[in-house]
Amino acid sequence: MKIYYLGPTGSFSEQIAKKIYIGHELISLQTFSEIVEKVEDDSNSVGLLVIENSISSSVHQSVDLMFESRAKIIGEAFMEISLDLIGIPGTKINNLKKVYSHPQAFAQCSRFIKKNNLNVLVEQSTASAADLVKKSNKKICAAIGSKYLAKIMGLQVIESDVANVKHNMSRWIMIANNSHLDINNADKLTVIFKVKHLAGSLVKVLDKIAKMNGNLTKIESRPLPGTNWEYEFWVDVEVGQTKAKDFLSLMKKETLEYRLLGAYSRGKLYNS
């Protein structure tokens, strides 16, 4: 089976792909949209999309793609993220002119960047940022990435743990071109739904979820095209295996329209 993830070598997505899909064919791609397209065209594949972070919240590009995609969520995984300032051996922080990384990494390290008045330049991933620094071979450049990335690139950790919050975790979803989701063995569901554009409509649905002891772990809204300030909603809900069918019955009864985007087991936590 082919496993698509956001590359290149050394990215956090590659790390978690190697931990989960041992023995499978791992294929790195350059954009989230490429991952979704490959999965939609290949029923014998899985895509890994980072969907949110405990510091910087949702990865909006991934969320937007899934609102529109035919792919389904078949699993999730979490990984503790440690972000470090890395560069050519001998690099000093007070000599830096440029720091490269992914926008999510910059968001998660915003306090460190501001404190040190660093000039940031956006790259496709932390791995591509580190590769750029390595190829430049200049001590005026650095990247924000991981110790693992520094090791495989032959770079030095200039300063460790530069994220705003030390407890930093990212969540990935596994997506597949799968028309049948097994709700009988799922304890977590992802649903996109619409409600009447009236006061209290969303609250009513959320209240019903709470009364069935559903644990809401994520909620997102996106504008409905062709309307004025009307929205559709994405929710992730832990319901337990015995209540998945009840939850879907609730969605059918209490919403104008709903789509089951994912049915899966609660994800495992991995270390980076």
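General observations
- When the Cα convex hull of segment 84-159 is projected onto planes of every orientation, the mean area is 4.1 nm².
- Between HIS60 and LYS115, the contour length at 0.36 nm per residue exceeds the Cα-Cα span by 17.1 nm.
- Translational D in µm²/s for segment 1-57 (Stokes-Einstein at 10 °C, 1.306 mPa s, Kirkwood Rh from C-alpha pairs): 137 µm²/s
- Scaled against the 2.2 N^0.38 Å expected of a compact globular protein of N residues, the Cα radius of gyration of the chain reads 1.10.
- Isotropic mean projected area of the C-alpha convex hull, segment 43-105 (nm²): 6.8 nm²
- Placing one equal scatterer on every Cα of segment 140-239 and applying the Debye formula, the log10 ratio I(q)/I(0) at q = 0.14, 0.16, 0.25 Å⁻¹ is -0.81, -0.89, -1.38.
- Cβ-placed point charges (K, R +1; D, E -1), dipole of the chain about Cα centre in debye, nearest 20: 800 debye
- Cross-link pairs beyond the 21 Å C-alpha cut-off, checked among LYS92/LYS135; LYS98/LYS138; LYS38/LYS147: LYS38/LYS147
- Alpha-carbon centroids, segment 209-272 and segment 174-201: separation in whole Å: 5 Å
- FRET efficiency for SER201 and GLU40, using Cβ-Cβ distance with R0 set to 30 Å, rounded to 0.05: 0.40
- For segment 39-61 and segment 62-92, distance of Cα centres in Å: 8 Å
- Here the calculated FRET efficiency for SER160 and HIS24, from their Cβ-Cβ distance with R0 = 35 Å, stands at 0.65, rounded to the nearest 0.05.
- The GNM of the chain, with springs linking C-alpha atoms under 10 angstrom apart, assigns the highest mean-square fluctuation among VAL203, VAL235, VAL39 to VAL203.
We did not get these values from a lab; they are worked out from the coordinates using the rules stated. Since the model is a prediction, treat every value here as computed from it, not as a measurement. Virtual Cβ from ideal backbone geometry, glycine too; neighbours counted across all protein chains shown.
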